[in-house]
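Values in this text are rule-based calculations from the coordinates and carry no lab data. Nothing here was measured: the structure is a model prediction, and the numbers come from that model. Glycine also receives a Cβ, built like all others from the backbone with ideal geometry; neighbour counts cover every protein chain displayed.
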Amino acid sequence: MKLTITSMAGNTSTMNLPTKEDVYYFIDLYKSSLKKNQRVKITCDLLGIDGYLQGTKPIREAGV
């Protein structure tokens, strides 16, 4: 299943994952690696996924 990731700057990466479970696992893992102020567009036509992924990793503040 082809998964396309597009950054807000327009850079695009594609990857092929064998199962829908792998796609969902990757999305969950990728979301936790992005900071809260980061977003990427995720597309997987075969599964009907087309939207933005907002990070969940805390943003470290300066001096902390």
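Before moving on, here are some points about what is shown:
- Distances between every pair of Cα atoms in the stretch 2-54, grouped in 10 Å steps from 0 to the bin holding the largest one, split as 25, 61, 14, 0 percent.
- Extension gain, residue 37 back to residue 9 (0.36 nm per residue minus Cα-Cα distance, nm): 8.7 nm
- Under the criterion of Cα pairs below 8 Å and six or more residues apart, the relative contact order for the chain equals 33 percent.
- For the stretch 12-28, Karplus couplings with θ = phi - 60° (6.51, -1.76, 1.60), whole Hz, Gly/Pro x: 10, 10, 10, 8, 10, 10, x, 10, 5, 4, 5, 5, 5, 5, 4, 4, 5
- Estimated inter-spin distance, residue 29 and residue 54, nm [label 7 Å along Cα→Cβ]: 2.4 nm
- The residue among 48, 34, 18 whose Cα reaches farthest toward the positive pole of the charge dipole of the chain, with charges on the beta-carbon of Lys, Arg, Asp and Glu, is 34.
- Remark: the chain carries a charge dipole of roughly 280 debye about the Cα centre, counting +1 on each Lys and Arg Cβ and -1 on each Asp and Glu Cβ.
- Residue-wise HN-Hα coupling along the stretch 50-59, computed from phi with Karplus coefficients 6.51, -1.76, 1.60 (Hz; x: Gly, Pro): 7, x, 9, 10, 9, x, 10, 6, x, 8
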